[in-house]
Every structure is written in C-alpha cells, then in structure tokens.
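FYI, it's all coordinate maths here, none of it is from the lab. Remember, predicted model here, so these are calculated numbers, not experimental data. Here the Cβ positions follow ideal geometry from the backbone for every residue, glycine too, while neighbour counts run over all protein chains shown.
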Amino acid sequence: MIKTLEQIALEKQRERLTKRFHKACADYQLIEDDDHILIGLSGGKDSLLLTELLGRRAQIYVPRFKVTALHVRVRERDYHTDLGYLQSFCDEAKVPLIVRDISIPSTPPVKEGKTVRDIDNPCFLCSWYRRKELFNVAQEMGCNKIAFGHHRDDIVQTLLMNLIFQGAFATMPPILRMDKMPLKIIRPLCLIEEADIIKYAQMRAYQKQTKLCPFEHVSSREKVKGLLEEIKTLNPEAIDSIFGALTNIKENYLPKK
C-alpha cells in the first residue's frame, strides 16, 4: 500500500522522537531489567508521548520491564481530561491505567515542625499532593521508578527559575534517586524539544484536556518561558547553549563566603 505524505511525515517525526528517547535511556541508564515504571499521566501532550514511547519500548525484549500509568484527579482543581480517551490511548499503548481522585486538605501540610513552603501557591499545592499520590501508588504497586514527561525545555526553564528565584545553578536531572524511599525519578524525554512534541501531538491528533488548569498562564514558569522566547531573539540557539552548560560546569570562580 502506498503511504500518503502525511503518513510518511508522521513516521519521520516519530522516528526523530524515538531516537532521542532511546539516547536518553542509554546515556543516563534510565531503564533496567525487572523495572516496574509508574508513569505520571496528566493527559497533556508530554505525558501522552511518554506513555506511547514507554509502552512501545516495553514490547521490546531487552531490557524486560513493566509500565503502569497513573492519572491523578484533584477535586479542588477545575480542570479535566477525558478518561475514556486516556483509557483507549493506554489500551493502544498496551499500558495499564490507574485513576485516583484526591483532595487538598484545608489544613496546610506540616513537615518537620514547619509549614510547607508556598502554601498559598495553588500550583505548588496541587503538584505536591499529586506527587504524594504518585509515590503512594508506586509503593503500593511495587514500582521502583516513576517517569515524568519533562522535556528539554522544561529542564532549561527550571534552571532559569532556580537561578532567578533561588540563586542556585540546579534543575531537574534525567534520573534522581529518592533519599527516603526505594524509588528513582526518571525523565526519558529530557533530550526532546517541546516544539517537536507539539508537532507530533498535532500529527497524531492527541486529544487536548477537556478543561485546562485556570492557573496555566499565570505561573512563574510561564513567565520564564516568555523570557526564554525573548532570549532566543538574541540567540536562536540559546536553549542549546543553556542546556549544554549543564554538562560544562567549571569550578567556582568566586570564593565562598
């Protein structure tokens, strides 16, 4: 059967993303034999791509590992994803889907005698409780790794946010071992550009969330994202340069106080 131009373009884009996904997994040793990986499936384009790529990779004989997707819904946050679509998507990817509903307590969380930071920040609270549920389910299911759909742009944005707001040269690593539980966080999309994900999501007709987060465009991350777009007018390759700096850190030039 003769392929259409659209089918050829889709296959090329899928191959482009798959190569970078495999490179990240190999370079940072993200997947090993007997892993059980829990995917944080929000329903956005990044987590859908992550589910698709990990589901396809799990069908290959080496290494042998299992994947499960978890979708967490927060009752106090008015944004939604079509569960029917998520289920059919996971069925196609051969990835089991778990759905959990959680609530954000009216009493702020307390840790080591102190109130958790940013308790008035709706994004922080939502993220904190969703991750807590991910950790809980991972341990219930016997998973040893949790996969997030953070891409290269997310990593660069987080670096800038930490520089601007925390005074630290730090960001989200491709793999992170948790100190207080036998879990690792992995980010298999860390070498993939967001623009490539957007293009593929359009070509694959990924279904968008039925109702978006009301705070989506007012967060600090969105402001830093806009700042990066301005920086790219000075240097179109700015993101490449900033990402490269993460592997090219030299000794401190200033003495510590």
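Under 5 Å between amide H atoms, partner at least 5 residues away or on a different chain: which partners does Glu76 have, H built in plane at 1.01 Å?
Ile104
Is segment 5-215 best put as rounded, prolate or oblate by its Cα gyration tensor, with a ≥ b ≥ c the root eigenvalues, rounded for a/c under 1.5, and otherwise prolate when a/b is larger than b/c, oblate when not?
Rounded is the answer for segment 5-215, as its axis ratio a/c remains below 1.5.
Quick check: from the Cα gyration tensor, does segment 6-78 come out rounded (a/c under 1.5), prolate or oblate?
Because a/c hits 1.5 or more and a/b fails to exceed b/c, segment 6-78 counts as oblate.
Per residue of segment 159-174, what does 6.51 cos²θ - 1.76 cosθ + 1.60 with θ = phi - 60° give for ³J(HN,Hα)? Whole Hz please, x for Gly and Pro, Karplus curve as stated.
3J(HN,Hα) across segment 159-174, in whole Hz: 4, 5, 4, 5, 5, 6, 9, 10, x, 10, 8, 8, 7, 7, x, x.
Would you please put 232-242, 41-51 in order of how densely packed they are, using the mean number of other Cβ atoms within 10 angstrom per residue and starting with the highest?
With the highest mean Cβ count within 10 Å placed first, the list reads 41-51, 232-242.
Please give me, ordered by residue number, the trypsin sites (Lys or Arg not before Pro) of segment 149-190 that lie in loop per DSSP and have at most 16 other Cβ atoms within 10 Å.
Working: sites: Arg152, Arg177, Lys180, Lys184; in loops: Lys180.
Those that pass, being in a loop and sparsely packed, are Lys180.
Calculate the FRET efficiency for Leu83 and Ala9 from the Cβ-Cβ distance with a Förster distance of 35 Å, rounded to the nearest 0.05. It would help to have the intermediate numbers written out before the result.
Values: r = 30 Å, r/R0 = 0.87.
Efficiency, rounded to the nearest 0.05: 0.70.
Relative contact order for segment 5-215: what percent, with Cα pairs under 8 Å and sequence separation of 6 or more?
Over segment 5-215, the number comes to 29 percent.
So which of Lys45/Lys232; Lys132/Lys199; Lys12/Lys184 end up more than 30 Å apart by C-alpha?
Too far apart for the 30 Å limit: Lys132/Lys199; Lys12/Lys184.
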